[in-house]
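Enquirer: Take a look at the following structure, please.
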Number of protein chains: 2
Amino acid sequence: MQAQRIAVIGAGAVGCYYGARLAEAGHDVHFLMRRDYDVVRAGGLHITSPRGDMHFDRPSITRSSAEIGPVDWVICALKATAVDAARELIGPCLGPHTRILLLMNGLGLEERIGEWFGPERVFGGMAFVGINRLEPGQVQHIEYGAVVVGHLLNDPAEVDRALALWAPAEVDFSGHESLRGARWEKLCWNMPFNGLCVAADGISVDHIVGDPELRAVARATMEEVVEAGQADLSDRGERYRIDGEGHVSRMFSQTDNLGAYKPSTMIDYVEGRAIEVDALFATPLARARELGVHTPHIATLNALLQQYERNREAGER
Amino acid sequence: MQAQRIAVIGAGAVGCYYGARLAEAGHDVHFLMRRDYDVVRAGGLHITSPRGDMHFDRPSITRSSAEIGPVDWVICALKATAVDAARELIGPCLGPHTRILLLMNGLGLEERIGEWFGPERVFGGMAFVGINRLEPGQVQHIEYGAVVVGHLLNDPAEVDRALALWAPAEVDFSGHESLRGARWEKLCWNMPFNGLCVAADGISVDHIVGDPELRAVARATMEEVVEAGQADLSDRGERYRIDGEGHVSRMFSQTDNLGAYKPSTMIDYVEGRAIEVDALFATPLARARELGVHTPHIATLNALLQQYERNREAGER
């Protein structure tokens, strides 16, 4: 595949890391930056990683999507809380054949992007990665980093197209036959771990897996997510089913090896930023209820996290 | 009934308020004080209340139970977290006929006191009261104040004896045929409201009853408490049963009228003090599990609150 022109929208830790891997692989990558623009302009973009450090002294960065213009691929790595802004930010980068890959958390985001720009061009990527933005222009990749990608219409030829884009990059990138299934599988981790790490007042995942009571709550939450996911897939007429038990044990054994990892939502919470409660909790919960799945653990986490957001907003006023 | 000699052990807001009501009624009341001794010695004990203010310029206060010596009644209003200290503090006040009334939160406390001093002399009182210690020697009674009392062996003659003690006092005091039943009925309020007010990061009860999601979690938690309570009563061979549906609606309609009330556990939490998680959560949860009652909401709140205690202890080190 010849080098592709790529716009990275949302240049936080995830956007910077994966955009840098694509640039390193020879693609023509342009980062939309706001908060960090001046620092990166002056000092470059620097990423430390066990898979190899990357340094870009003069990355292509811009303050507006219009300056980038139409590209082959938009990589959108905004926070789910900023999805409303995505329409305006992505729009100027679209040509007739532009594909859009979301590297975002939560359920229902690809569907919204698909309504705006057409579902045939929309992909979702689930990144399982330990990564932090240390300061502007400085990203620390700690561990993992694999990405699973699905296509909004589950078109295998489109999934292959995404795989081809990433093939030269230093990323374990694999396709998934069901985007929706992959989203629920990712939620199996995010709902218990992001949720409990926040609700337990800002702890790392080792405290969850290390305490029998919290671990049991995490497992029960995950089982509710599996059940909701299976019901959703079945209701949508998809053939794909989550390998429930196998997936749950894999999530726990991976997390057992994750050490004092801090989920992004937990970092956002302790730093007083908005948390992705709608995409990660409210939307999947609403869907589970629609399908008649009993979800006491998810409902409790959602109710608490929504309240934290109200507390934060009240504190900001 | 002639005036009784009374020791109040644990002179926080609850101990001061109810001790003062007994003193006002003509009983001979002695307060064990530590933290507040000097201030009360110098300036007295002052209580504001919609049921009538009370001012004691020279209340009988002491720093040690031994100075009080044997009494007719011990009123023990320690925090449940201090139950281990109760043995030493109560002991010196006991004569052969001394009765002990606990005005404390949680399950299993009377049983422990009964093991130490004999069950025939032990009572539990459930206070439903809005009350705060503003500063040393200053207590603000906001609203409510009724006390329901039960006897550890459910002896009706003993319950009458407690009623006689309180008859002259400005307190709505009533007997309960089942101490254990009354404890579970009180937990129906404490577990959802104390638990969620803490877990939602220190909010007042109006936020719980006012948000449909949190309200639903509170109700589901309460229903688990009712179910565990019924199973416990049945397992113990008691005839008493909680009026489940009626009790749940009463708890909610009372709380709907409580305004921005802050449960004591929530105040302890935001002020960095130990919270009564064992007596209010771990002990009832363990009992529910023993009885095979499914308690996802209680288990989640317990796991979170135990983690807050670990966070607090780690912060203290």
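The values are calculated or read from the model by the stated rules, or taken from the named source; none is laboratory data. This one's a predicted model, so the numbers in the text were calculated from it and none came from an experiment. Backbone-built Cβ (ideal geometry, glycine too); neighbour counts: all protein chains shown. Note: areas computed on protein heavy atoms with side chains; ligands, DNA, RNA excluded. Shrake-Rupley method; radii C 1.70, N 1.55, O 1.52, S 1.80 Å.
Enquirer: Just to confirm, what accessible area per residue do you get for the range A:46-124 at 1.4 Å probe, in whole Å²?
Expert: Accessible area per residue, the range A:46-124: 42 Å².
Enquirer: Roughly speaking, what is the centre-to-centre gap between the range A:182-224 and the range B:15-59 when only Cα atoms are used, to the nearest Å?
Expert: 48 Å
Enquirer: In a shell of Cβ-Cβ distance under 9 Å around B:Gly114, excluding B:Gly114 itself, what net charge do Lys and Arg (+1) and Asp and Glu (-1) give?
Expert: Taking every other residue near B:Gly114 into account, the sum is -2.
Enquirer: Over chain A, with every protein chain in place, what whole percent of the accessible area is carbon and sulfur at 1.4 Å, could you tell me?
Expert: Result for chain A: 48 percent of the exposed heavy-atom area is carbon or sulfur.
Enquirer: To continue, here is another question. Which distances in nm, rounded to one decimal and ordered from shortest, link the label point of B:Ser253 to the equivalent label points in the other identical copies, with labels set 7 Å from Cα toward Cβ?
Expert: 5.6
Enquirer: Give, ordered by residue number, each residue of the range B:195-214 whose 1.4 Å probe accessible area is reduced by a minimum of 10 Å² on adding the remaining protein chains to the chain alone.
Expert: Residues losing area: B:Leu196, B:Ala199, B:Ala200, B:Asp201, B:Ile203, B:His207, B:Asp211, B:Glu213, B:Leu214.
Enquirer: Grab the eigenvalues of the alpha-carbon gyration tensor for the protein assembly as shown, scale each by 5, take roots, and send me the semi-axes largest first in whole angstrom.
Expert: Ellipsoid semi-axes (Å, largest first): 59, 25, 19.
Enquirer: Which whole-number percentage describes the relative contact order of chain A, with Cα contacts under 8 Å and a sequence gap of 6 or more?
Expert: 15 percent
Enquirer: Something else about it: If I build a Gaussian network model for chain B, linking alpha-carbon pairs within less than 10 angstrom, which residue out of B:Ala288, B:Ala85, B:Ala231 has the largest mean-square fluctuation?
Expert: Maximum fluctuation in the GNM of chain B, among the listed residues, is at B:Ala85.
Enquirer: In debye, nearest 20: dipole of the range B:5-177 around its Cα centre with unit charges on the Cβ of K, R (+) and D, E (-)?
Expert: So the dipole magnitude of the range B:5-177 works out to roughly 440 debye.
Enquirer: Per q in 0.11, 0.18 1/Å, what log10 I(q)/I(0) does a Debye calculation on the alpha-carbon atoms of the range B:7-141 return?
Expert: -0.35, -0.97
Enquirer: If you put +1 on each Lys and Arg Cβ and -1 on each Asp and Glu Cβ, how big is the dipole of the range B:181-313 around its Cα centre, in Debye rounded to 20?
Expert: Approximately 200 debye in magnitude.
Enquirer: If you filter the range B:1-44 for trypsin sites (Lys or Arg not before Pro), then keep DSSP loop positions with at most 16 other Cβ within 10 Å, what is left?
Expert: Answer in residue order: B:Arg34, B:Arg35.
Enquirer: Mean-square fluctuation check for chain B, GNM, Cα pairs under 10 Å: which of B:His294, B:His151, B:His27 is largest?
Expert: Its mean-square fluctuation being the largest, the pick is B:His294.
Enquirer: Kindly provide log₁₀ I(q)/I(0) values, in the same order as q = 0.12 Å⁻¹, from the Debye equation applied to equal alpha-carbon scatterers of chain A.
Expert: -0.80
Enquirer: If you line up the long axis of helix A:156-166 against the longest principal axis of chain A, both from Cα atoms, how many degrees apart are they, to the nearest 10?
Expert: Around 60 degrees separate the two axes.
Enquirer: Turning to a different aspect of this structure: Trypsin sites (Lys or Arg not before Pro) within the range B:44-96: which are DSSP loop residues with at most 12 other Cβ atoms inside 10 Å?
Expert: Taking the range B:44-96 and a limit of 12 other Cβ atoms within 10 Å, the loop trypsin sites (Lys or Arg not before Pro) found are B:Arg63.
Enquirer: Lysine pairs in the protein assembly as shown with alpha-carbon atoms under 22 Å apart, 8 or more places apart or on different chains: how many are there?
Expert: The result is 6.
Enquirer: Can you bin every Cα-Cα distance in the range A:169-315 into 5 Å intervals starting at zero and give me the percent of pairs per bin, rounded to whole numbers?
Expert: 2, 10, 19, 21, 20, 15, 9, 3, 1, 0
Enquirer: Separate question: Under 10 Å, Cα contacts only: if you run a Gaussian network model on chain A, which one of A:Gly118, A:Gly181, A:Gly145 comes out with the highest mean-square fluctuation?
Expert: A:Gly118
Enquirer: I've got another one for you. Ignoring ligands, DNA and RNA and using a 1.4 Å probe, state the total buried accessible area between A and B in Å², rounded to the nearest 100.
Expert: 1900 Å²
Enquirer: Report Rg/Rh for the range B:57-209, rounded to two decimals, where Rg is the Cα radius of gyration and Rh the Kirkwood radius.
Expert: Reported Rg/Rh, Kirkwood definition of Rh: 0.97.
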